[in-house]
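One structure below.
The values are calculated or read from the model by the stated rules, or taken from the named source; none is laboratory data. These figures come from a predicted structure and were not determined experimentally. Backbone-built Cβ (ideal geometry, glycine too); neighbour counts: all protein chains shown.
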Amino acid sequence: MASTPSWKLIFVAMLVLEMCASQAIARSLQDASMVEKHEQWMAQYGRQYKDNAEKALRYKIFKENVEYIETFTRAGTQPHKLGINQFADLTNKEFQASRNGYRMSSYQKSSKVSPFRYENVTAIPVSMDWRKKGAVTSVKDQGQCGCCWAFSAVAAMEGINQLSTRKLISLSEQELVDCDTSEDMGCNGGLMDNAFEFIINNHGLTTVRESHKVSLSNLYAKGEHPPVACKIVWQNEQKYLVLERTWQRQAKRNDMNGRNGGETNGHEGR
């Protein structure tokens, strides 16, 4: 009878070992699945690393991001969605550092404040999807360039132009990045207000298609300009984004941390 407790202890120990082994196998399978997912992601986006150390670091970040997305998706508590895209092996700080070129510190507020025509309007919808209005172009990728300021300014012009003329034209961010260099600094950052001033002074902005035909910086260096597709004009002593017809609207900062459509802050859209 004295040996009964020993057998019970042995049985419990074996049970614990079996549970640990099962958990270890499950973790190994999960890790193997994640490794395969990472390899597939690398192939899909043509991602390469300089050595095994960098690959191990990027895999760790990729794994954390994917696990966050999966946990977020299972919870199902938010109206937006997260997904794996080409930035999945970057941290939030790395993503923002490579793409957020908004330079608020260089902005000096004007003492002149223009009145907003619709400040007393109350009959407005709770939300508005400008894509359904046809005022948003297809997704553009700024790549490894901190020129969100240029994309923000151009997106404002594209949308207002479509709402004014019913024509959606894809305008050139490249013209701003290459040629608006007096205050803005291309891929090293800039400000939308400066971009608008540049467009006013240069009597408009060209299209993406035209910007692909010639070196814009070389063209400007010769004192020449590409064909104008859209412009900003003055009216009643106030600065309006008119674009051929009266429209009073000022672009706001496009500081999206989102990596899958800018849908949320934090671990968005990896």
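Odds and ends about this structure:
- Restricted to the stretch 50-62, and to residues there that are within 19 Å of N92 (Cα to Cα) and without any contact (Cβ under 8 Å) to a residue 24 or more places away in the chain, the residue that is surrounded by the fewest Cβ atoms within 10 Å (Cβ to Cβ) is A56.
- In the set (1) surrounded by 12 or more Cβ atoms within 10 Å (Cβ to Cβ); (2) modelled with pLDDT under 85, V16 fails one condition alone, (1).
- Cβ pairs under 9 Å, 6+ apart, first in the stretch 89-100 and within 9 Å of G146 (Cα to Cα), second not in a loop (DSSP other than H, G, I, E, B): R99/C148; N100/C148
Conditions (1) under 26 Å from K93 (Cα atoms); (2) surrounded by 22 or more Cβ atoms within 10 Å (Cβ to Cβ); (3) out of contact with any Gly (no Cβ under 6 Å at 6 or more places or on another chain); (4) free of Cβ contacts under 8 Å to residues at least 24 places away in the same chain, marked per residue:
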| residue | (1), (2), (3), (4) |
| --- | --- |
| V126 | no, no, yes, yes |
| K132 | no, no, yes, yes |
| A153 | yes, yes, yes, no |
| S170 | no, no, yes, no |
| E173 | yes, yes, yes, no |
| M192 | yes, yes, yes, no |
| H203 | no, no, yes, no |
| K213 | no, no, yes, yes |
| K222 | no, no, yes, yes |
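- Output for the stretch 51-77, where each listed residue is closer than 15 Å to Q40 by Cα and hydroxyl-bearing (S, T, Y): Y59
- Options I169, I199: the member that is assigned to a loop (DSSP other than H, G, I, E, B), at pLDDT 90 or above and not hydroxyl-bearing (S, T, Y): I169
- Subset of the stretch 134-155 (residues that are modelled with pLDDT under 90 and farther than 21 Å from N188 by Cα): V139
- Residues of the stretch 61-78 satisfying the condition of being within 16 Å of S33 (Cα to Cα) and either in a loop (DSSP other than H, G, I, E, B) or among the acidic types (D, E) (or both): E64, E67, E70
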